[in-house]
Structure formats: C-alpha cells, structure tokens
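S.K.: Shown below is the structure under consideration.
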Amino acid sequence: MEQMRQNEAGALTAQAVPQKDVEQACFHALGLIGRNCEYLDQHLAHVGADQQTRQAVNDISAAAARLDRTVNEVMSLLDFLRTEEDPRLYPLDLCQLLQQVAAQADMVQAQLGVELTLDYGGWTACRIMADRSDAELLCLHLLSNALRACSAGGKVRLMLRRSESFWQLTVMDNGCGLPEAGEDTWLENRRCFLGGAKLGLLLCRECCRRMGWGLRVERAPEKGTQAVVTIPLCADRMAEPTVELHTGGDTAQAQQHQYQLRNMLVRELRTMPERGDPDEL
C-alpha cells in the first residue's frame, strides 16, 4: 500500500510546476505595482511632494524592476529544465548581433556613465550556428554583468577574434574584478552585485551548453573581469562559397531585432542602481 501511494505521488519534476500560472500571478502583481508607481509619480509631481516621498516611490519602482528580472530568470531556467531536447541551431551573423548590442552605447553612457565599445578584429561577417534567443540572452547577461561591475567612468569592451577552429567572443570590463581576488575586491564585487539572485551566469552557462559553445570567466589582463565565449566554426559553410538571397524584409527584420534588444537592455538597466546609490554602499 505504501509503495502504491509513492508511485501515485511520484517525484516532483519541472514539468509538474504550473509555470504559466506562476508567470501570470507574478507578472500580474508586478504590472499592478508598476502602474501604481507611475500613478503615484505623476500625482506627487502634481502636488509637489517632498524629496523623501518621491524617493520612496522610486525605490519601489527599482525593487519591482529587480524582482521582474529575477522572475524572468527563474522562468528561463524552468524553460530549460522542462525542455528535453537541445534547440535546433540556425545560421546567425554574430557581427550583426554585436552591432545591435553596441548600438545601445549612447544609452549606456547616458544612464551609467560607462563606455561601451566593439572591436571586430577586422571581421565584417561572422556566420555561426546558434539559437538566436539563447544567443541574445547570453550577450545580454554577459553585458549586464560587465556593466554592473563598473563604476562611472568605467569601460566595457566587446571583442571578436577567430582562430583555426573557433570564434572567440570576449566581454571585458575594468570594474571590480572577481570576488576571490582579495578582501577589498570581494567587498567591491558584493557592493556591485548586491540585490541579484546570482542566476545570470548560470543562464549563460546553460545557453552555451545547449549550443555546444564554451564559456570561461577569468581575471582581465590588467584590471577587472573578462568572459570568454568560444564558438565552433561552421566548417561546411566556410569551405564552400555561398549565395545569400536577400529580400526587402531583411532590413525590417534587423530593425525589429535591434528594437527587441534595446527593450531588453532598457529593462536590464532599470535594475541597476545609479552610480553612488546609497542602497548599494
């Protein structure tokens, strides 16, 4: 009888989690908080509220943005756990994707005071096999980690290189450095990443595993940290000349991808404190 009850109950699996219901409950609550913050912000501006009251509303809005980010990370991890097969990979121009990321440099500079640059290493095209959603998620989180590590005046550099057997994408910053580098570095790292759930790097590693890529995180040559992604070459495509067919929708599709990436980065930047925020000290 006991064995029968165990068989009926079974072990808890990711598939058993009512993910859609959880998403609906969390995002409904976050949406309500966001709408009320917008209302309060407008109301307080109209009535001329004191700075402390307005700061309280800003703090609620910032906390909601961080919670929204964490919920999205958890849902992404659940999606990975529920998926029994790795994604199908399709040709993707990594140079174009990096261009779309680097196009947000002005926004990053304006909000964080951090310089974002892109170094192709002389390449104008980089055809790889990838899942676009996973590749975008990977780039977003690696960039986010680099930006969080930097103080105002810091620098983040995206570098692309090619060897005989793989492409190498490096996201390098001159920020706080890895926590194991020493007590002072540990404290600075903790301050920069305070409030996070430490899921970003876990997602990055899973994205790379799913696509057959490599990822290592290490100290930068001079100061800060670098995340190095190794991506296999498309040997069969490199060996033979190809004819690419373009349609009028290519430009519109590229603009749509850039718009989506910008929105993702805008949401990500909302979770980052302004440099000098006392809550992060």
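The values are calculated or read from the model by the stated rules, or taken from the named source; none is laboratory data. Because the structure is predicted, anything quoted here is derived from the model rather than measured. All Cβ positions, even for glycine, are placed from backbone atoms using ideal geometry, and neighbour counts span all protein chains on display. Note: areas computed on protein heavy atoms with side chains; ligands, DNA, RNA excluded. Shrake-Rupley method; radii C 1.70, N 1.55, O 1.52, S 1.80 Å.
S.K.: Straight-line reach only, C-alpha to C-alpha below 18 angstrom: list the lysines that residue 155 could link to, leaving out same-chain residues fewer than 8 apart.
M.R.: Within reach: 223.
S.K.: What does the accessible area per residue of region 19-82 come to in Å², with a 1.4 Å probe and no ligands, DNA or RNA counted? Walk me through the numbers on the way to the answer.
M.R.: Details: 4130 Å² over 64 residues.
Per residue, region 19-82 has an accessible area of 65 Å².
S.K.: Over what distance in Å are the Cα centres of region 121-184 and region 51-118 separated?
M.R.: Distance between centres, Cα-based: 14 Å.
S.K.: Among residues other than residue 69 whose Cβ falls under 11 Å from its Cβ, what is the net charge (Lys/Arg +1, Asp/Glu -1)? All intermediate terms of the calculation are to be shown ahead of the outcome.
M.R.: Working: positive: 66, 267, 270; negative: 68, 73, 268.
Value of the local net charge: 0.
S.K.: Between residue 187 and residue 201, what is the label-point separation in nm under the 7 Å Cα-to-beta-carbon projection?
M.R.: Placing both labels 7 Å beyond Cα along the Cβ direction yields 2.1 nm.
S.K.: Sort the following peptides by mean Cβ neighbour count (other Cβ atoms within 10 Å, averaged over residues), highest first: 220-226, 70-76.
M.R.: Numbers: 220-226: 15.3, 70-76: 17.9.
Averaged packing, sorted descending, gives the order 70-76, 220-226.
S.K.: Per residue, how large is the accessible surface of region 107-233? Use a 1.4 angstrom probe and give square angstrom.
M.R.: Values: 5970 Å² over 127 residues.
I get 47 Å² per residue for region 107-233.
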